[in-house]
1. For residue 178 and residue 145 in the same chain, what is the full-extension length gain: residue separation times 0.36 nm, less their Cα-Cα distance, in nm?
2. One-quarter of the Cα convex hull surface for segment 107-191, in nm²?
3. Run the Debye formula on the Cα coordinates of segment 131-171, all scatterers equal and no solvent, and tell me log10 I(q)/I(0) at q = 0.25, 0.26, 0.32 1/Å.
4. Taking the number of other C-beta atoms within 10 Å as the exposure measure, put 135, 112, 43 in order starting with the fewest.
5. At a 10 Å Cβ-Cβ cut-off, how would you order 120, 103, fewest neighbours first?
6. Gain in length, residue 99 to residue 159, computed as 0.36 nm per residue apart minus the alpha-carbon separation, to one decimal in nm?
7. In whole percent, what relative contact order does segment 26-91 give with Cα contacts below 8 Å and a gap of six or more residues?
8. So, in Å, what gap is there between the alpha-carbon centers of segment 71-92 and segment 125-144?
């Protein structure tokens, strides 16, 4: 038996030893967890986004993700997400990652634009010269309506009234931005609150 083992050792030495050029177990596990996380992202998409990504998913994966969206029990959902992770190993994840990246980038861009609108609103209310700056930067603005909303907003703040004009001012700025770019901003209600 020792002769057999020593013969195998000699053969390994000639072949280069125990060098394994594949990924380590840890890397394989990280890859599997990344695919499971990607599957979880798909499950947690809004209905509209899920409907747009569903056509690029294979049938088994589409059914599994649809099922996972309806499971509310923690243990059952966890098992379903693990199953989705297993199915994701058989799919090229790059088209899915690309679609999710586009949505994330678009969401970040919209958040930046909404913050810019909020900053303009605050400046218009606080600074007298901001109106002239805004009109120069945004030609075609309904200046009369804008002045009235700024005046009403200032009065509302002074009298501690509900922020009706404050919200209307944001809507006007948002609508003018949309008219200029042709793009709609989402989550407008989140940014119309009284600060």
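1. That works out to 10.2 nm of additional length.
2. 5.4
3. -0.81, -0.85, -1.05
4. With the sparsest Cβ surroundings first, the list reads 112, 135, 43.
5. Lowest count first: 103, 120.
6. That works out to 16.8 nm of additional length.
7. 50
8. One Cα centre to the other: 53 Å.
Each value in this text was obtained by applying a stated rule to the coordinates, not by laboratory testing. Computed from a predicted model, the values in this text were never measured in an experiment. Ideal geometry is used to build each Cβ from the backbone, glycine not excepted, and the neighbour counts take in all protein chains shown.
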